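The values are calculated or read from the model by the stated rules, or taken from the named source; none is laboratory data. It should be emphasised that the depicted structure is a prediction, and the values quoted were computed from it without experimental measurement. Counting neighbours? That spans all protein chains shown, and the Cβs are built from the backbone with ideal geometry, glycine included. These area figures cover heavy atoms from the full protein model, side chains too; ligands, DNA and RNA do not enter into them. Shrake-Rupley method; radii C 1.70, N 1.55, O 1.52, S 1.80 Å.
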Amino acid sequence: MQYFTGEVYFQHELPCDPSSLTRWRNRLDEAGAEELLAQTVEAAKTLKAIRPRELRVVSIDTTVQEKNVAHPTDSRLLEVARSKLAERAAEADINLRQSYARTGPRLNRQAGRYAHARQYKRMRRVIKRQ
């Protein structure tokens, strides 16, 4: 990686903090990324690094992009579903006997703590209660 970024000698430390790259990418947003790509293509055309006919077909490899996918049995998803159902019931003027507004977030935190401590039997019991 250091060779491709223009470094001449090997360096043991990272060129920048990875979290700052993440923050920059989030600030850039989708429109900014498209603008950055357009400017890069225009610069390549200007420098004659690529010919316009090479841009007729473009192959994109998305295997290295991070995915924001949560596991379907995750306690967070259960808590989100519970809260959304409670909101919809309130919008439809349905009085719920129990909304689990206090116990839902607490059970979510407990499941996360048990998973972190590798206490999977306790975690599954909490998720089942959710």
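Restricting attention to the range 116-125, report how many residues are of a type in the set (A, V, I, L, M) and either within 10 Å of LEU78 (Cβ to Cβ) or free of Cβ contacts under 8 Å to residues at least 12 places away in the same chain (or both). Count: 1.
Based on what the data block shows, is ALA43 open to solvent by less than 60 Å² (accessible area, probe 1.4 Å) and at pLDDT 90 or above? Yes, satisfied. Quick one: is GLY104 modelled with pLDDT of 90 or more and not assigned by the TED database to the domain that holds ARG124? No: the conditions fail for GLY104.
To keep it simple, each residue is scored yes or no on (1) under 30 Å from VAL126 (Cβ atoms); (2) hydrophobic (A, V, I, L, M, F, W, C).
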{"position": "TYR3", "(1), (2)": "no, no"}
{"position": "PRO52", "(1), (2)": "no, no"}
{"position": "ASP61", "(1), (2)": "no, no"}
{"position": "ALA92", "(1), (2)": "yes, yes"}
{"position": "ARG97", "(1), (2)": "yes, no"}
